[in-house]
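The values are calculated or read from the model by the stated rules, or taken from the named source; none is laboratory data. In this text, all values refer to a predicted model and were calculated from it rather than measured experimentally. With ideal geometry, Cβ positions are generated from the backbone for all residues, glycine too; neighbour counts draw on all protein chains shown. Areas reflect the complete protein model, heavy atoms only, side chains present, ligands, DNA and RNA absent. Shrake-Rupley method; radii C 1.70, N 1.55, O 1.52, S 1.80 Å.
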Amino acid sequence: PTKVENLPPNLYTLEQYAKKATYYYEDYDAFMSDIPNRMTTVSGRKVFILNGITYISGSMGSTSDPFNPPDSDGNFYVCGKGMIVSSGNLYLGCNIKTLDFSADDMTVFTLMLRTGGLLVLNGGQQREVEGSLYTDKGVYVHRDSSLNIIGNWVTNQFNKAAMGGTVGVSYVSTKVRNSLGSLHPIRGKYDPRRYHISFSPLWASWRSF
């Protein structure tokens, strides 16, 4: 138990996420059909209500039809506390942004692609994802596009060559779940190989509340 390689991974299996899901969708089409039923209006915008785990079996979107909900203005707003878990890839065709109910009721959102990756396949796209992003296979961004992650990004595999376009991570502590205890060498699941990678020499600051 004192060896890092023997520590348990801090991830559930697909079956465990499905079992714990508040909403379970057998495929992407079922999820898309139910989106209108889970929308409400906050600050004049149509938003998708988060409530626990939303589990989608399979990929979200496809190469020919990337994820972009109906009646969207190019932004998919989420509100509440919860996560969207896909067992496959996310083919991103819109921005995913968070809205707070109020200053005292802030949104906490996780987007998890448990065995897949996030893909921006078309050129000329400037996409944003707000919240905690987890990918298993990393991200692919077309060389004429960009992806800005506002919150945090954790990935199992990192392939810089696949990021032909610009990929930026703006760490915003209020949009993520902090788990500084995981860095504790005795009590935490400490593995320094998991945490450090550099995209560029730019570095500003970070705060934890």
**Request:** Using θ = phi - 60° and the Karplus relation 6.51 cos²θ - 1.76 cosθ + 1.60, list the HN-Hα couplings for segment 112-117 in order, rounded to whole Hz, with x at every Gly or Pro.
**Result:** 10, 10, 5, 10, x, x
**Asked** How much of the DSSP beta bridge set in segment 28-143 is antiparallel, as a percent to the nearest 5?
**Response** 15
**Item:** Amide H contacts of N148 (H built 1.01 Å from N, under 5 Å, at least 5 apart or other chain)
**Value:** R127, E128, V129, G168
**Message:** If R₀ is 35 angstrom, what is the calculated FRET efficiency for the pair D73 and V169, using the beta carbon separation as r and rounding to 0.05?
**Reply:** 0.90
**Request:** Would you mind getting the accessible area per residue of segment 31-109, heavy atoms of the protein chains only, 1.4 Å probe, in Å²?
**Result:** 42
**Prompt:** Quick one: if the Förster radius is 22 Å, what FRET efficiency do A161 and S64 give, using the C-beta to C-beta distance and rounding to 0.05?
**Reply:** 0.35
**Asked** Accessible surface of M106 in the full protein assembly, 1.4 angstrom probe, to the nearest 10 Å²?
**Response** 80
**Complete:** So, over other residues within a Cβ distance under 12 Å of E128, counting Lys, Arg +1 and Asp, Glu -1, the net charge is +2
**Fill in**
Given Cβ charges of +1 for Lys and Arg and -1 for Asp and Glu, the option among G80, M106, G124 whose Cα lies farthest towards the positive end of the dipole of segment 64-137 is G124
**Asked** On the accessible surface of segment 1-160, probed at 1.4 Å, how many percent belong to carbon and sulfur atoms?
**Response** 45
